[in-house]
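Read the structure below first, then the notes.
The values are calculated or read from the model by the stated rules, or taken from the named source; none is laboratory data. Predicted model, so just to flag it, every value in this text is computed and none were measured. Note that each Cβ is placed from the backbone with ideal geometry, even for glycine, and that neighbours are counted across all protein chains shown.
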Ligand code: SAH
């Protein structure tokens, strides 16, 4: 039996026209689609492969199952939202390959990129990522909270713009409030924060608030935040989509 192929793709934040043609091509060719249920729902219905939806926290099992299907000859696509390399399935698949054990040697594995949430949000408000920035997940499911705090403190202290993923969930209610306190050690109350919920999806909502006014209760797990650096500014009297930016020059 010849081994098949496994492609890890990102379908972008949600809008079909924000998904790379190369990804769509691979989705259309797939015999099997593997992914977290709501992400599989982002794949257009004309895509005909068998769908294997799974729960959110089952990444390792999902990666293992996908590799096994591919080892048996299937053309498998593992679906992530956004980019598959950013807090998503590409690492999960390569972790399984690295752990070895079962023989997936014949499976051809490829990763195809997508637009990640922070880029999508940035494009909705202007150019807040125009200078150095740092991407941090606030989820302490796979890393200790102390590490997250240390990184927030260091990145905010070094004056990076901060893109914050996984800001809050039912099981992680207090972490965002604590993260704001850490960032506040280094940033003024007026620091602009872009808040993007369901960016690129039909019920998208996007806004810019001052750091001191950011209410954790108004944020959910479909939200990404971009916290400005000391130089990030809002241009007065501009529409939201071209109002927030971080200048390219710094300190010169
Ligand atoms: N691979 C994804 C990130 C997965 S982690 C990507 O590259 O975008 C899940 C987190 O991503 C969510 O908690 C949220 O913070 C962010 N996110 C993903 N899609 C989003 C969207 N459409 N709008 C806002 N935030 C999103």
Filter result for residue 129 (crowded, with 19+ Cβ neighbours inside 10 Å, over 20 Å from residue 21 (Cα atoms), more than 11 Å from the ligand (Cβ to nearest atom) and under 21 Å from the mean Cα position of the chain (by Cα)): yes
Picking from 184, 178, 170, 150, which residue would you name as being surrounded by fewer than 21 Cβ atoms within 10 Å (Cβ to Cβ), over 19 Å from residue 13 (Cα atoms) and at pLDDT below 95? 170
Can residue 28 be described as assigned to a helix (DSSP H, G or I), over 30 Å from residue 225 (Cβ atoms) and free of Cβ contacts under 8 Å to residues at least 24 places away in the same chain? yes
Which ones in segment 220-249 are within 16 Å of the ligand (Cβ to nearest atom), surrounded by fewer than 18 Cβ atoms within 10 Å (Cβ to Cβ) and free of Cβ contacts under 8 Å to residues at least 60 places away in the same chain? 220, 221
Within segment 151-174, the count of residues that are more than 13 Å from residue 134 (Cβ to Cβ) and in contact with a helix residue (DSSP H, G or I) (Cβ under 7 Å, 6 or more places away or on another chain) comes to 2
